[in-house]
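All remarks here apply to the structure that follows.
The values are calculated or read from the model by the stated rules, or taken from the named source; none is laboratory data. Keep in mind the model is a prediction, meaning the values are calculated, not measured. In this analysis, Cβ positions are derived from the backbone assuming ideal geometry, glycine residues included, and neighbour counts consider all displayed protein chains.
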Amino acid sequence: MGASALILAAGEGTRMRSRLPKVAHEILGVPMVRYVVDAARASGCDPVVVVTGHGAETVERLLEDVQTVRQEQQLGTGHAVQCAQEAFAEADGSLVVLSGDSPLITSETIRALVGARESARAAAAVLTAVLADPTGYGRIVRDEAGRLARIVEEKDASDEERAIREVNTGFYCFDARVLFEHVHLLDNANAQGEFYLTDVIDVLRREQLPVVAIAASDSAEVLGINNRAQLAEAAKVMQRRINRAHLLAGVTMRDPELVWIGPRVTIGRDVTLEPMTFLMGDTSIGEGSVIGPDSRITDSVVGENAVVDSSIVEGSCVCDGVRIGPRAYLRPGTVVRPNAKVGTSVEVKNSLIGEGSKVPHLSYIGDAEIGAGVNVGAGTITCNYDGRSKHRTVIEDGAFVGSDTMLVAPVRIGAGAVTGAGSTITRDVPADALAVERSEQRVIEGWSKRRREQDDEE
């Protein structure tokens with residue numbers, strides 16, 4: 001019998017001091033609630049339902065592939081579960097309750113929590129953690145046999161109980177049927193006037209239904225994020241976790257502390273990542289490539305044995321053996337075919353650079369199609385915008401574009417054609433032709449000397 005998951009993500013997060021809902025804040029380019037959803041799915045939970053509340057529309061836009069339930073009034077975690085009951089009308093097994101602001105939770109821990117409840121045939125299982133500083137958490141009190149005796153909130157704990165370092169994390173696995181039979185028995189007779197899910201555990205204990213507790217193997221997994229400092233701490237933990245996995249899979253990082261990799265990035269073996277490299281979104285790096293230093297690649301594919309040096313690549317495809325940079329900028333829609341080069345201070349947007357072609361330096365290539373074996377000289381600009389519309393430039397195989405050429409689109413340079421340096425090309429150039437458009441050079445003998453003499457007289 002499969003497990004289901006309910007993720008609580010309705011809180012405002014006032015300590016974040018942000019207009020953005022707390023769970024929408026990103027870690028390595030991904031909203032924190034998405035990590036929890038992915039962990040739940042990876043553990044085998046189905047369905048996965050998220051309770052939204054504060055900033056619900058924003059959160060729901062981030063989770064378009066996830067079933068959501070609105071908690072119109074934020075009246076506590078127990079009330080959030082009540083709001084979600086209808087979504088689990090068919091559930092008849094384990095129901096895991098997770099927090100949307102704890103992005104470090106892993107699928108392994110979720111499976112262990114489910115397994116603990118099911119193996120013990122318990123009504124509920126509580127995930128605990130042993131903390132160096134348990135201040136602010138409810139303490140886990142165990143009996144002589146090591147079984148869960150009770151959960152004591154800090155304000156109600158004795159001095160002896162306050163010394164306990166094992167705490168309640170707020171992660172649970174319930175028998176779904178038992179949970180929904182008891183969650184409506186909660187009351188809000190407390191200082192906050194809220195319905196607390198923790199109280200369900202007390203209700204189950206009073207009815208002598210079995211409740212077990214297991215400790216997380218890594219207390220970092222249950223780190224809740226309530227402010228920007230904790231967000232940064234969680235990001236560092238996630239960075240190290242992801243980087244370690246890639247290192248063990250055959251990726252070289254000169255300094256792992258200075259490499260940031262998003263959770264959806266895939267990297268082949270024998271890739272080298274230099275310091276200050278950022279790989280984000282749906283990005284793939286092929287075997288043997290070298291990325292960095294000072295490079296950012298987002299939602300792009302880089303082939304094998306390519307080099308991206310001190311450059312930005314967004315929404316682009318860089319094929320095998322390509323060299324990018326330094327200080328190049330590939331904007332969305334760009335494809336660079338095998339063994340081509342996009343060099344120093346070159347910007348390319350929505351363009352195709354053909355196999356073996358070179359745009360070595362100081363150029364703008366926009367809305368262009370460049371064939372194979374083309375050389376584009378320094379300072380070349382494709383003038384693609386007329387103030388209303390964008391137009392394409394086509395440069396066919398083997399053409400040679402001289403330095404400082406202005407290509408006023410729409411325009412086509414034929415195969416094997418040459419444009420003279422400094423030309424402004426406004427009409428198509430036939431194959432194998434030479435196009436030169438510039439004023440005839442004038443030389444005025446003695447002009448500079450006469451100018452200096454005039455300056456001296458003044």
**Request:** Quick one: which residue in 394, 443, 436 is within 16 Å of residue 334 (Cβ to Cβ) and hydrophobic (A, V, I, L, M, F, W, C)?
**Result:** 394
**residue 272, sole failed condition from (1) modelled with pLDDT of 95 or more; (2) surrounded by 15 or more Cβ atoms within 10 Å (Cβ to Cβ); (3) in contact with an Asp or Glu (Cβ under 8 Å, 6 or more places away or on another chain); (4) farther than 27 Å from residue 38 by Cβ** = (3)
**Asked** So which of 456, 432, 404 ends up being of a type in the set (Asp, Glu), over 22 Å from residue 350 (Cβ atoms) and part of a helix (DSSP H, G or I)?
**Response** 456
**Message:** Looking at the structure I just gave you, is residue 396 more than 30 Å from residue 294 (Cβ to Cβ) and touching a strand residue (DSSP E or B) at 6+ places or on another chain (Cβ under 7 Å)?
**Reply:** yes
**Prompt:** Since residue 61 meets every condition but one in (1) assigned to a helix (DSSP H, G or I); (2) touching a residue at least 12 places away in the same chain (Cβ under 8 Å), which condition does it not meet?
**Reply:** (2)
**Item:** Check on residue 277, among the β-branched types (Val, Ile, Thr), under 15 Å from residue 247 (Cβ atoms) and out of contact with any helix residue (DSSP H, G or I) (no Cβ under 9 Å at 6 or more places or on another chain)
**Value:** no
**Asked** Taking the condition within 19 Å of residue 217 (Cβ to Cβ) and among the basic types (Lys, Arg), does residue 177 pass?
**Response** no
**Request:** For residues that are among the β-branched types (Val, Ile, Thr) and closer than 24 Å to residue 45 by Cβ, scanning just region 112-139, find the one that is farthest from the chain's Cα centre (by Cα).
**Result:** 126
